[in-house]
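Written below as structure tokens is the structure these notes are about.
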Amino acid sequence: MGFQPGDYYDAADMVVWSQTHGFDSFGRLMEALAYLNTTAPIHADLVQEDRHNYVLDGRGSSVLLCGSEAVDLIRSQVIQGSSAALELINCYNRTFIIQRLVKAAQCNFAFVTCWRQLDCCVKVSIAAGAELPEYQTFRMIDVFEPQSLRIFCGTDLEAIETQYAPQLEFGTLVESFSRTEMMDCYKNSVEHGIEIDEALWQTLDDLGARILVESTEGSRAGAGD
Amino acid sequence: MRKYTHKTHNSDDLTILQMRPASQVMQLERLGSFHQSRLSFMRTLVRRMVAENWQISSPVFDLDEQGYGTVVYQVEAKYGTFSYVLFSHYLDPDNRNDRVIADQWDLTMGLCEGTVDAEQLDFLRNNVPKQEAGRVDSRVLVLSRANRSARTFEYVVNELAHGHQPDVDVIAEVGYLYRTTAAYGSGKLGMADWEKVWTKHRDFARPFAAEMFTCYMLRHFSMQQADHLASQRAPKSAVALDEDIKRYIGIGNSTGLGMAPFLINHPLLINQWIEMRETALATVIAASAFGVDEVILTRLDTATQRVIQHLSEIITTDERQSNANLLVREELQLLHLWLQEQGAVLATKHYVWESLTQYAELHWGVETQEVINTLLIELYPELVDRLEEYMWVDESHQVSPEMPVAELLEVIEDKYDWALAIDFSKQESIGTFWYRSAEKMEPRLGQTNIDMGMDKEMPLGIGRCVRECYDRVYDYNQTRSKQNVAHFIVQNPTYSGIVGRIQTMAQSRYGDIRENLVHTDVLPIHLLRCKLSFFGVSKFDPRSRLWVRNTMFQGAPLISDFGKLFVDDWQFPIKPVLTSG
């Protein structure tokens, strides 16, 4: 698919974290692969920038390809200031972003991110240094671009909630997925492994085969014969 | 010249250690001259098993008169119970192949958590013999397989059946009855992930501990099977293998290019291993600040003579290794004479080990230098062994997106000067490429512009990647010097991986291996030997520049030695002198 080393390590981390923490990432991955498999890698464009705000255009690609860039960009700004906001427009598979936020939180960044999912809005918050986020779904009351993702970053979660309160107003809470539930999923995954269905396995196998080189008698010499 | 300093891990001990610099240590030829040390994984595993008196029984020992069947060993370690399940199969000698591309073996094994019931045993019987073609579950920690030595196995069984012990010289020539050709773990083929192993199973919560244990149990089985076959063939005349010969029997190992990508893809882990080994060396050198005990000098001399004998007993057809062994023996002989003549004076000399290592660096070969370093580390278990707890590290790369691009350039110039010094415009600098073959995904080397597969090259040429990244950052910096790495990555997303690696490794003490791995004359065998030395193998016998035979656990205690008084000095094994018969 043309993923480079930085891309595929990050993408693998996102998929594994999401799956082991109960977010059905394999289903999302299957959908993502159907698209990624048909095109060369598309990375995001930085289309707008000021001191505290960025807009990245994902150009219809997956967060698997542009999630790391988005998170790195916003935290580079926070290091120089106190907070920053980023909107990633025109992107898919947004749930995968959570792993990048969790990883960055270990470096003392706090995040709130939200995106539209059908008629609801998903909000994910994580405090600086926390190992797991808070994941909630609300009724939507604001106009939200269907394929956009907003990230707010600082060093203190409460300060972010306060500073960006107008942009974080949602309707009633529909459901939440607690840290305890995430941890239970994770422990279960570690203990019992994770199941991959036949179709996804076959797809991954087919993709993996693309990097393999046909074996010949001559090529065997290149391994020690 | 030692120019870096480093505080020890013991917060009460503020000794400033003189660590060897990365420019010296991370040269591939030097890494390829490393030997087993007290921190090697086999050594730490054996220390743990003996000290904790692991109990090993065999609730299932179902072998027929030809040695085929099923064996289950139950292992009661300090913190948990494990089962080592082994299947012994008939293998047509024509199909015996040590390469990863083989699909049949004499033995296949799995290490499982807990006990194994009949249902799980059936499941394992259906999958373990298939190895890569099978699937297991997260109750399995390691899968492995092994082939008999055509030179020793039948010979040993026949001798025992006739009531004789095998000739030690024959054993010495080979060193083992079986060769293992792979030991898989860490989530491969459906097995338990490393996360599970290190969080749940404290007995194996160190790198490769479970894999090394699997090989150790193979060694135990190999000798038990030989005894079994001999008694089956000649119940009246057969004798059991002598205990001293048993200790001298190890497990053979063939390692090829499959191991090489690991060293490149796990730079933080390799850095950690090397840093601990170098910390051990610096610690023992510091320990000689005010002279050394004469007993220690005597132990060094004894060990030196043992290495000389050990090397003289290695039979290798590889001319380079053979010459290297000869040179090491000659130079160690000089060390032996020096210790004999100067012993009394040396005992009172300040920093005698620093003088010795500096002398070796000036006058002796790299292999000899590294043997001496290993021997020095052996002398101070009380200072060194605690470092075994630090052989693991979190391997996640951390990008510093706020770093100005100009600073990134400086980092590359400082930490990757070795890569920038390579002229990649020369054909020989890019004369090799690495790829994975469709044949069981085996890593192979190809010749640039000659062999197929360049478009699917594995990204192992870190030096070249750094050079390309540097050039791109340099151009970027000409017009956008105020921008940071995050901006650079957005504009140049294909460089995110190498930038993350550079920034991460720049913070480590030893950094990346300093070698152009795509050079026409690259010697991957050095990579293999480096990793194998941390495993703890001995008797390196290169079969080409691409693969090496070696011996595991030769000289190590037997299961019957567990719980007994134990002097941990089984490195550099030599032929036993039999005390019986």
- request: Quick one: angle between helix A:25-36 and the longest Cα principal axis of chain A, in degrees between 0 and 90, rounded to 10, please.
  value: 70 degrees
field: Computed log₁₀ I(q)/I(0) - Debye formula, equal Cα scatterers, no solvent, region B:468-558, q 0.23 Å⁻¹
entry: -1.14
- request: Starting from the exponent 0.38 and prefactor 2.2 Å, build the expected Rg for region B:57-111 from its residue count and divide its actual Cα Rg by it.
  value: 1.36
task: Determine which aspartates and glutamates satisfy two conditions relative to B:Lys349: a Cα distance under 18 Å, and not lying fewer than 8 residues away in the same chain.
output: B:Asp293, B:Glu294, B:Asp301, B:Glu341
- prompt: Tell me, Kirkwood radius of chain B from alpha-carbon pair distances, in Å?
  reply: 25.5 Å
statement: One can check that the equivalent ellipsoid of the protein assembly as shown, built from the alpha-carbon gyration tensor with semi-axes equal to the square roots of five times its eigenvalues, has lengths in Å, largest first, of 49, 33, 25
Averaged over B:257-265, number of beta-carbon atoms from partner chains that fall within 10 Å: 1
query: How much area per residue is accessible in region B:1-160 when the probe is 1.4 Å and only protein heavy atoms are counted (Å²)?
result: 40 Å²
task: Distance check, please: which entries in B:Lys236/B:Lys564; A:Lys187/B:Lys440; A:Lys123/A:Lys187; B:Lys188/B:Lys531 exceed 26 angstrom between their Cα atoms?
output: B:Lys236/B:Lys564; A:Lys187/B:Lys440
message: Compute accessible area for region B:485-532 by itself and then with all protein chains, 1.4 Å probe, and report residues whose area falls by 40 Å² or more.
response: B:His487, B:Val490, B:Pro493, B:Thr494
field: Rg and Dmax [Cα atoms of region B:418-525; Å; Rg one decimal, Dmax integer]
entry: 15.6, 49
message: Exposed loop sites here are trypsin sites (Lys or Arg not before Pro) in DSSP loop states with at most 12 other C-beta atoms within 10 Å. What is the longest stretch of chain A lacking them?
response: A:52-209
field: Point-to-point label distance, B:Asp117-A:Phe144, nm (Cα→Cβ direction, 7 Å offset)
entry: 4.7 nm
message: Nearest 10 degrees is fine. How inclined is helix B:209-233 to the longest principal axis of chain B, computing both from alpha carbons?
response: 20 degrees
Accessible surface of chain B, 1.4 Å probe, proportion on carbon and sulfur as whole %: 49 percent
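Return the ratio Rg/(2.2 N^0.38 Å) for region A:5-59, where Rg is computed over Cα atoms only.
Against the compact-globule rule of thumb, the ratio is 1.40.
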- line: For region B:79-169, listing chymotrypsin sites (Phe, Trp or Tyr not before Pro) in a DSSP loop whose Cβ sees at most 15 other Cβ atoms within 10 Å gives B:Tyr79, B:Tyr90
query: How many times 2.2 N^0.38 Å is the alpha carbon radius of gyration of region A:5-196?
result: 0.97
In degrees, nearest ten, helix B:405-415 long axis to first principal axis of chain B (Cα): 50 degrees
message: With a cap of 11 neighbouring Cβ atoms within 10 Å, and only residues DSSP puts in a loop, list the trypsin sites (Lys or Arg not before Pro) found in region B:194-283.
response: B:Lys236
- request: Would you mind listing how long region B:309-429 runs along its three principal axes, going by Cα atoms, in whole Å with the largest first?
  value: 59, 41, 26
- prompt: With the contact rule set at Cα under 8 Å and sequence spacing of 6 or more, what percent relative contact order holds for region A:5-196?
  reply: 20 percent
task: Can you work out the accessible area per residue across region A:5-196, with the rest of the protein chains kept in place, probe 1.4 Å, in square angstrom?
output: 44 Å²
task: Quote the relative contact order of chain B in percent (integer), defining contacts as alpha-carbon pairs under 8 Å separated by 6+ residues.
output: 21 percent
message: How high is the relative contact order of region B:512-581? Use alpha-carbon pairs under 8 Å, at least six apart in sequence, and give a whole percent.
response: 22 percent
task: Please turn the phi angles of region B:273-285 into ³J(HN,Hα) values with the Karplus equation 6.51 cos²θ - 1.76 cosθ + 1.60 (θ = phi - 60°), one per residue in order, whole Hz, x for glycine and proline.
output: 4, 5, 4, 5, 5, 5, 5, 4, 5, 5, 5, 6, 5
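The values are calculated or read from the model by the stated rules, or taken from the named source; none is laboratory data. This is a predicted model, so every value here is computed, not measured. Counting neighbours? That spans all protein chains shown, and the Cβs are built from the backbone with ideal geometry, glycine included. All accessible areas refer to the heavy atoms of the entire protein, side chains included, with ligands and DNA or RNA removed. Shrake-Rupley method; radii C 1.70, N 1.55, O 1.52, S 1.80 Å.
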